[in-house]
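The values are calculated or read from the model by the stated rules, or taken from the named source; none is laboratory data. Every value quoted in this text rests on a predicted model; they were computed, and no experiment measured them. Positions of Cβ are generated from backbone atoms using ideal geometry, with glycine treated the same way; all protein chains shown enter the neighbour counts.
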Amino acid sequence: MGAIRFKTKLVKEGTYTFLYLPSSRLHTRERLRVKGRINGYSFAASAMPWREKQHVIPVDEALRQEIGLAGGEIVHVELEPDLLPPIEVPLPPELAAALKGHPAAEAALKGLPPAHRKFYVEWIQAAKRPMIRAQRVEESIKMMMEGRDPFKPRKQTRAKKRVVKSTRPQTKARKSPRR
């Protein structure tokens, strides 16, 4: 896919400002990193699927102020895919060693989006004590093997409250005398 040129309205809703683009112009319904120019000013962002047949591209406030736009204006846009490889975060030694014994977990980790891999790495590195790091490595491998999303918390089941029936006879509560 080469460069795409089009005119569109800069939409402002609340604190968000963005551009709409028909998905047919990008030839995908997936999220796609893009770079280009708005009225001649360079920018880079993610084009994200929106509703049925559109992508939405957020325009940050700094760029808007630099261009001198408030929202609602017609802008000239040039886009192209940003083909830079995602930044790889080096694995902590504990996780790298544990993955060697679990090839399925290693394959699962490689198949995750960069943000999810980064989450596992930073979560493990945040532990200061070796015992906690080892527990987090173990939990990470378990989550990878189960295919769980690290950003979605596990459903917590609450224990039912145990109702204890008293064997004492029920009495009416006495009102305290007013003084």
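Looking at the range 8-33, which of the residues that are among the aliphatic types (A, V, I, L, M) and part of a strand (DSSP E or B) is farthest from GLN65 (Cα to Cα)?
LEU32
Quick one: which of ALA115, ALA108 is hydrophobic (A, V, I, L, M, F, W, C) and either more than 22 Å from the chain's Cα centre (by Cα) or surrounded by 16 or more Cβ atoms within 10 Å (Cβ to Cβ) (or both)?
Exactly one residue qualifies, and that residue is ALA108.
Is it the case that ALA97 is of a type in the set (A, V, I, L, M), assigned to a loop (DSSP other than H, G, I, E, B), farther than 12 Å from PRO150 by Cβ and out of contact with any Pro (no Cβ under 8 Å at 6 or more places or on another chain)?
No: the conditions fail for ALA97.
Quick check on the range 131-144. Is at least one of its residues modelled with pLDDT under 85 and in a helix (DSSP H, G or I)?
No: the range 131-144 contains no residue that is modelled with pLDDT under 85 and in a helix (DSSP H, G or I).
For (1) of a type in the set (Lys, Arg); (2) farther than 14 Å from GLU78 by Cα; (3) at pLDDT 85 or above, each residue gets a yes or a no:
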position: GLY2; (1), (2), (3): no, no, no
position: THR8; (1), (2), (3): no, no, yes
position: HIS27; (1), (2), (3): no, yes, no
position: ARG33; (1), (2), (3): yes, no, yes
position: PHE43; (1), (2), (3): no, no, yes
position: MET48; (1), (2), (3): no, yes, yes
position: ALA62; (1), (2), (3): no, yes, yes
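List pairs: first residue in the range 103-114 and under 15 Å from PRO150 (Cα atoms), second residue surrounded by fewer than 18 Cβ atoms within 10 Å (Cβ to Cβ) anywhere in the structure, Cβ distance under 6 angstrom, at least six positions apart or on different chains.
So the pair list comes out as ALA105/MET145; PRO114/PRO86.
Being on the phi < 0 side of the Ramachandran plot, free of Cβ contacts under 8 Å to residues at least 60 places away in the same chain, among the acidic types (Asp, Glu) and not assigned by TED's automatic domain parsing to the domain that holds ASN39 is the requirement here; does GLU139 meet it?
So GLU139 passes the test.
Which condition from (1) over 16 Å from HIS76 (Cα atoms); (2) without any contact (Cβ under 8 Å) to a residue 60 or more places away in the chain; (3) crowded, with 16+ Cβ neighbours inside 10 Å is the one that LYS12 breaks?
So the condition that LYS12 fails would be (2).
Would you please name the residue that is surrounded by the fewest Cβ atoms within 10 Å (Cβ to Cβ), looking only at residues in the range 46-71 that are hydrophobic (A, V, I, L, M, F, W, C) and over 17 Å from the mean Cα position of the chain (by Cα)?
This residue is ALA62.
Testing GLU106 on (1) of a type in the set (Asp, Glu); (2) in a helix (DSSP H, G or I); (3) closer than 27 Å to LEU19 by Cα, one condition comes back false. Which one is that?
(3)
Residues checked against (1) at pLDDT 85 or above; (2) closer than 30 Å to LYS35 by Cβ; (3) acidic (Asp, Glu); (4) in the same structural domain as ARG31 (by TED's automatic domain parsing):
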{"position": "ALA105", "(1), (2), (3), (4)": "yes, no, no, no"}
{"position": "ARG117", "(1), (2), (3), (4)": "yes, yes, no, no"}
{"position": "LYS128", "(1), (2), (3), (4)": "yes, no, no, no"}
{"position": "PRO153", "(1), (2), (3), (4)": "no, no, no, no"}
{"position": "SER166", "(1), (2), (3), (4)": "no, no, no, no"}
{"position": "PRO177", "(1), (2), (3), (4)": "no, no, no, no"}
